[in-house]
1. To the nearest 0.05, how large is the calculated FRET efficiency for S98 and R29 if R₀ is 22 Å and r is the Cβ-Cβ distance?
2. Amide H neighbours of G11 under 5 Å, counting only residues 5+ apart in sequence or on other chains, H built in-plane at 1.01 Å?
3. Rule-of-thumb check for the range 146-234: C-alpha Rg over 2.2 N^0.38 Å?
4. Quick one: what are the phi-derived ³J(HN,Hα) couplings along the range 19-36, Karplus 6.51/-1.76/1.60 with θ = phi - 60°, whole Hz, x for glycine and proline?
5. Which whole-number percentage describes the relative contact order of the chain, with Cα contacts under 8 Å and a sequence gap of 6 or more?
6. Search the structure for amide H atoms under 5 Å from the amide H of G224, placed 1.01 Å from N in the peptide plane, and list their residues when 5 or more places away or on another chain.
7. May I ask you to derive the FRET efficiency for R123 and A213 from their Cβ-Cβ distance with R0 = 41 Å, giving the value to the nearest 0.05?
8. Once every DSSP H run of n ≥ 4 in the chain is given -39500 (n - 2.57) and the sum is divided by its residues, what mean residue ellipticity at 222 nm do you get, rounded to the nearest 500 deg cm²/dmol?
Amino acid sequence: MANTDGLVINGVNIVRTYKVDNFEVHALRGVNFIVYPGEFVGLIGRSGSGKTTLLNIIGGLDRPTSGDVFVYDNNIGQFSDRKLTEFRRERIGFIFQSFALLPTMSAFENVELPMRMVGKGRRERQQRVMECLELVGLSKWAKHRPQEMSGGQQQRIAIARALVNSPGLILADEPTGELDTTTAHTIFGLFQTIAKQERVSIVMTSHDPAAEAYVTFTYRMADGQITNERGLNA
């Protein structure tokens, strides 16, 4: 019998349908999706394949029309909006294509913000922020603002911010979409290192086939479906 113990994510028959001008748009069509601890998993496919919709549902930013999503054995579809917000804030880190850094804040302050939001103390914030900046290789840039940094540096700051509250899961939506090829490979390699060293599970959407050289496992998506199968460990 298949063993689902220890899964970080277990998505079961996920369907997401939208109504647009009286037409039904089938964004996800019965997706099954599993992720183990410490894995760097890629969701690879063209624009419109359903990657971002699936990522948003896993992260509780959207809800499925039908099916279940278990994150750390919690069926997050049954959470209230308030509980879901708390769960995201404490257990999941998010990284976006646009970096989403606050331009008036320094790198340190941008990374520190999630810790302030959950009420962590000043000394703990100072230590953890510098640990995360060191991990992404930007401790010397702590006092710099985003506009003083390259796109690749800004994305590394965003990665440090996603890590700062020590989540077990990070969701990254096209994190290299605005970066050149060389910088994109650097970011893929950084994710690979973080997953191994920090035992953080990372799920990343990308349309870049080069990502497959770095991930633990690739799910290929097309037309709202995963086109390759992955069995559970026995």
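Where a number appears in this text, it was derived from the coordinates with a stated rule and is not lab data. Just so it is clear, the structure is predicted and the values come from calculations on it, not from any experiment. Note: ideal-geometry Cβ built from the backbone for every residue, glycine included; neighbour counts use all protein chains shown.
1. Details: r = 28 Å, r/R0 = 1.28.
E between S98 and R29, to the nearest 0.05, is 0.20.
2. Here F33, I34, F70 satisfy the definition.
3. On the way: Rg = 14.1 Å, N = 89, 2.2 N^0.38 = 12.1 Å.
Expressed relative to 2.2 N^0.38 Å, the Cα Rg reads 1.16.
4. Those phi angles translate into 9, 10, 6, 6, 10, 8, 10, 8, 6, 10, 10, x, 7, 10, 8, 10, 9, 9 Hz.
5. Numbers: 450 pairs, mean separation 75.3, N = 234.
Averaging sequence separation for qualifying contacts and normalising by length gives 32 percent for the chain.
6. Amide H neighbours of G224: G50.
7. On the way: r = 40 Å, r/R0 = 0.98.
The computed FRET efficiency comes out at 0.50.
8. Values: 6 runs with 75 residues, N = 234.
Counting only the DSSP helices, I get -10000 deg cm²/dmol.
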